[in-house]
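The values are calculated or read from the model by the stated rules, or taken from the named source; none is laboratory data. Remember, predicted model here, so these are calculated numbers, not experimental data. Counting neighbours? That spans all protein chains shown, and the Cβs are built from the backbone with ideal geometry, glycine included. What goes into the accessible areas is simple: the full protein's heavy atoms, side chains included, and nothing from ligands, DNA or RNA. Shrake-Rupley method; radii C 1.70, N 1.55, O 1.52, S 1.80 Å.
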Amino acid sequence: MSFREKHLWITVLTTVVVWAIYFRELIVRVIDGGMADPRFPFVMGVAFAGAVFVVSVIEVALTAIATLTTPRAERRMKDEREVHAALKASHVALMLLIVLVISLSVAAYFTALAAPTFGTHLDVTSGGVLVVMANIMVACIVVAELVRAGLTLALLRALR
């Protein structure tokens, strides 16, 4: 396995594990009525910062191990196959991110438009709602990153 493939696997596994734990915590808090808690934005902000920190530490540590276990010549060379796979996967991930963001924008617009019709009121200025909206955007970024890394891995294997 090349150094690039090792690094991509580190990214995929770290992203899945850490962000799954984070989003599970968010969902449990929302289901349990945590959005009404005035500390919800602070607690989830700390949890988010913690998740980013943990992802960073794990990725740096595992990449250092991968670096030490990969010959120097292999780490430096980047062949045309790797560049092609990375560019193609990055393009797909970007298009996916654009579709997700536009879809969320449309959903938010129609939710706000339809809310009075159904006699509901969604206070989008409350801290809890804003935190959930921000986390939906973070989830879109996480999904796009997983698609980028996963598709790059798949393309590298297919191009062998």
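Scanning the stretch 82-101 for residues that are surrounded by fewer than 15 Cβ atoms within 10 Å (Cβ to Cβ) and within 13 Å of Glu5 (Cα to Cα) turns up just one, Val83.
Going residue by residue through the stretch 115-124, is there one that turns out to be at pLDDT below 90, closer than 26 Å to Ser2 by Cβ, open to solvent by 40 Å² or more (accessible area, probe 1.4 Å) and not in a helix (DSSP H, G or I)? Checking the stretch 115-124: not a single residue is at pLDDT below 90, closer than 26 Å to Ser2 by Cβ, open to solvent by 40 Å² or more (accessible area, probe 1.4 Å) and not in a helix (DSSP H, G or I). With the requirement that a residue be without any contact (Cβ under 8 Å) to a residue 40 or more places away in the chain and either surrounded by 14 or more Cβ atoms within 10 Å (Cβ to Cβ) or touching a Gly at 6+ places or on another chain (Cβ under 8 Å) (or both), what does the stretch 138-160 give you? Scanning the stretch 138-160 gives no hits.
When you look at Met1, is it over 19 Å from the mean Cα position of the chain (by Cα) and part of a loop (DSSP other than H, G, I, E, B), yes or no? Before you say what the answer is, go through the steps one by one.
On the way: over 19 Å from the mean Cα position of the chain (by Cα): yes; part of a loop (DSSP other than H, G, I, E, B): yes.
Yes, satisfied.
Among residues of the stretch 72-97 that are at negative phi, those with a Cβ under 6 angstrom from a residue that is in a helix (DSSP H, G or I) and of a type in the set (Phe, Trp, Tyr), sequence gap 6+ or separate chain, pair up as Glu74/Phe3; Arg75/Phe3. In the stretch 1-52, of all residues being in contact (Cβ under 8 Å) with a residue 60 or more places away in the chain, within 24 Å of Ala66 (Cα to Cα) and among the aliphatic types (A, V, I, L, M), the one that is surrounded by the fewest Cβ atoms within 10 Å (Cβ to Cβ) corresponds to Val16. When each of Arg75, Arg81 is tested for being at pLDDT below 85, part of a helix (DSSP H, G or I) and closer than 30 Å to Arg157 by Cα, the lone residue that passes is Arg75.
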